[in-house]
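Structure first, commentary second.
The values are calculated or read from the model by the stated rules, or taken from the named source; none is laboratory data. Since the model is a prediction, treat every value here as computed from it, not as a measurement. Cβ atoms come from the backbone with ideal geometry, glycine included; neighbour counts cover every protein chain shown. Quick note on the areas: whole protein, heavy atoms, side chains included, nothing else; ligands and nucleic acids left out. Shrake-Rupley method; radii C 1.70, N 1.55, O 1.52, S 1.80 Å.
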Amino acid sequence: MVKKYPNYNIINLDALTYAGDLTKHSDIQHEANYFFEKVDISDRSAVFSVFEKHSINLVTHFAAESHVDRSITDPEIFIKTNVLGTQVLLDAAKQFNVEKFVHVSTDEVYGELEFDPTTFFTENTPLEPNSPYSASKASSDLLVRSYYETFGLPMNITRCSNNYGPYHFPEKLIPLTVSRVLNNQKVPVYGTGENIRDWLHVLDHCSAIDLVMHEGVNGEVYNVGGHNEKTNLEVVETIIKALGKSEDLIEFVEDRLGHDKRYAIDPSKLEKLGWKPTYNFDSGIKQTIDWYLDNQEWWETILSGEYKNYFEKQYSL
Ligand code: TDX
């Protein structure tokens, strides 16, 4: 967005929690239209100051606690950031009369699908979140809807499938597998590995958000996904094969509590708006693995820091 829209000032508001770091911004940090503000979205006065200082007129709200496993062991921060933080941003957007508020949500708010490959989440699927994480995201979706219905705040909600790609924090399945396989460490596969996720390259997600921000019909929800369904075991095996390692690295571990069976998106509403993904799973996973090979220092630094304690507490591998 910084490079595509040189006439936009882009304000990046981020609390830099455990999953954030400024090295991701190194290629844009010196651009004249890029500004960074280290702010927690649940800090009302700090958020309002940023809106005032920069005369914000468009908002894309990505800020969230996003890891399901962490929400099972410690749900409170999910409510604080995802629910209360969203309400603060909505109040600021209302106060400063923004022209569009794009709320980035997740397909997990719909709950789970059975393994029947002919069924998909549509924008009309009822919300049935199963984890504290997805319940917090569904709650924030409802708040956004209410600000549209009650106050006329111009908004869209996007619900994407599982993202992957460069700079993905290595607690999530794909970067966790790539980094552990490269270090010849066991990869924990929950349960039988038969659960299905629908994989979306992060850059295809970004192009969808760009389109919705500029063309989305106010008040509408758009699902984002590219028909790339894989079982977790298929994903792990694909990565092991691409890196020329042995499947002995796979370790089946205790299943996640409330583990959703399958997610799969029907993206036809967004396609009608003009969205087309550029990656399929084969090209996307190859590009992602290459990126992790080329950026070993970035993820090695994370793995040797605070995250190490989390991983050791989470798994006994
Ligand atoms: O070590 C693991 N072993 C394993 O088998 C991890 C971390 C995950 N899994 C399984 C659980 C899921 O079925 O892999 C699948 C993917 O897991 P995650 O990467 O944790 O993603 P998921 O729970 O599907 O949620 C993701 O997609 C929707 C994001 O984390 C959410 O923020 C997003 O909303």
Practice item. Please report, to two decimal places, log10 I(q)/I(0) for the stretch 171-313 at q = 0.12, 0.17, 0.19 Å⁻¹ as given by the Debye formula with identical point scatterers on the Cα atoms and no solvent. Key: -0.59, -1.04, -1.18
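Assuming 0.692 mPa s and 37 °C, estimate D for the stretch 34-112 with Stokes-Einstein, Rh taken as the Kirkwood radius over Cα pairs, in µm²/s. Spell out each step's value before the answer.
Details: Rh = 13.6 Å.
So the translational diffusion coefficient is about 241 µm²/s.
Over the alpha-carbon set of the chain, divide Rg by the Kirkwood Rh and report the Rg/Rh ratio to two decimals.
Working: Rg = 19.3 Å, Rh = 20.4 Å.
Here Rg/Rh amounts to 0.95.
Give me the extension gain from residue 317 to residue 23: residue separation times 0.36 nm, minus the current Cα-Cα distance, reported in nm with one decimal. Please report the intermediate quantities before stating the final value.
Numbers: separation 294, 0.36 × 294 = 105.84 nm, distance 2.94 nm.
Difference between extended and current length: 102.9 nm.
Could you work out the relative contact order of the stretch 24-128, using alpha carbon pairs under 8 angstrom and six or more residues apart, expressed as a whole percent?
Numbers: 84 pairs, mean separation 30.3, N = 105.
Relative contact order, the stretch 24-128: 29 percent.
Calculate the dipole size of the chain relative to its Cα centre from +1 charges on Lys and Arg beta carbons and -1 charges on Asp and Glu beta carbons; express the result in debye to the nearest 20. Provide the component values of the computation, followed by the final result.
Details: 29 positive and 48 negative charges, 113 e Å.
Computed charge dipole of the chain: roughly 540 debye.
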Review point. Expressed as a rounded percentage, what relative contact order does the chain have, with Cα pairs under 8 Å and six or more residues apart?
Key: 18 percent
Review point. How do the peptides 81-89, 108-116 rank, highest first, by the average count of neighbouring beta carbon atoms within 10 Å per residue?
Key: 81-89, 108-116
Revision key, fill the gap. Sorting 177, 92, 111 by the position of each Cα along the dipole of the chain (Lys, Arg +1; Asp, Glu -1; all at Cβ), the one nearest the positive end of that ordering is 92
Practice item. Classify the stretch 53-160 as rounded, prolate or oblate from the Cα gyration tensor: take a ≥ b ≥ c as the square roots of its eigenvalues, call it rounded if a/c is under 1.5, otherwise prolate when a/b beats b/c and oblate if not. Key: oblate
Review point. Where only protein heavy atoms count, and the probe is 1.4 Å, what is the accessible area per residue for the chain in Å²?
Key: 47 Å²
Review point. To the nearest Å, what is the center-to-center distance of the stretch 226-285 and the stretch 120-144, using C-alpha atoms only?
Key: 21 Å
**Study point:** Among 278, 301, 235 the positive-end extreme of the charge dipole of the stretch 211-317 (Cβ point charges)
**Key:** 278
Exercise for review: Pull up the cross-link candidates among the lysines for residue 286, meaning alpha carbon to alpha carbon under 27 Å and not fewer than 8 places away within one chain.
Suggested key: 3, 4, 24, 172, 186, 230, 241, 245, 261, 276, 308
Point to revise | Net length gained if the chain between residue 118 and residue 234 were fully extended (0.36 nm per residue, minus Cα distance) | key: 39.8 nm
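Dividing the Cα convex hull volume of the stretch 138-249 by residue count, how many Å³ per residue is that?
Working: hull volume 13.3 nm³, N = 112.
Roughly 119 Å³ of hull volume per residue.
Could you order peptides 2-14, 178-190, 156-168 by the average number of other Cβ atoms within 10 Å of their residues, highest first?
Ranking, from highest mean packing down: 156-168, 178-190, 2-14.
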Revision key, fill the gap. Placing +1 on each Lys and Arg Cβ and -1 on each Asp and Glu Cβ in the stretch 1-67, then taking the dipole about the Cα centre, the residue among 63, 8, 28 whose Cα reaches farthest towards the positive end is 8
Point to revise | Convex hull of Cα atoms in the stretch 120-173, direction-averaged projection (nm²) | key: 5.4 nm²
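Contour minus end-to-end for residue 183 and residue 210, with contour as 0.36 nm per residue of separation and end-to-end as the Cα-Cα distance?
Details: separation 27, 0.36 × 27 = 9.72 nm, distance 3.65 nm.
Difference between extended and current length: 6.1 nm.
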Point to revise | Over the chain: helical MRE at 222 nm, DSSP H runs n ≥ 4 each giving -39500 (n - 2.57), nearest 500 | key: -11500 deg cm²/dmol
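Just the number, please: carbon plus sulfur as a percent of the accessible area of the stretch 120-171, 1.4 Å probe, no ligands or DNA/RNA counted. Mind dumping the intermediate values first?
Details: 1030 of 2010 Å².
Using a 1.4 Å probe with all protein chains present, the stretch 120-171 comes out at 51 percent carbon and sulfur.
Please compute the alpha carbon radius of gyration of the stretch 1-54, then divide it by the globular-protein estimate 2.2 N^0.38 Å. Two decimals is fine. All intermediate terms of the calculation are to be shown ahead of the outcome.
On the way: Rg = 11.9 Å, N = 54, 2.2 N^0.38 = 10.0 Å.
Ratio of Rg to 2.2 N^0.38 Å for the stretch 1-54: 1.19.
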**Study point:** Degrees between helix 173-182 axis and first principal axis of the chain (Cα, 0 to 90, nearest 10)
**Key:** 40 degrees
**Study point:** In Hz, Karplus ³J(HN,Hα) per residue of the stretch 135-144 (6.51, -1.76, 1.60; θ = phi - 60°; x = Gly, Pro)
**Key:** 5, 5, 5, 4, 4, 5, 4, 5, 5, 4
Point to revise | Rounded to the nearest 20 debye, dipole of the stretch 265-304 from Cβ charges on Lys, Arg, Asp, Glu | key: 360 debye
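Given a cut-off of under 8 Å on Cα pairs at least six residues apart, what relative contact order in percent is computed for the stretch 1-43? Display every interim value, and only then the final one.
Numbers: 44 pairs, mean separation 22.2, N = 43.
Relative contact order comes out at 52 percent.
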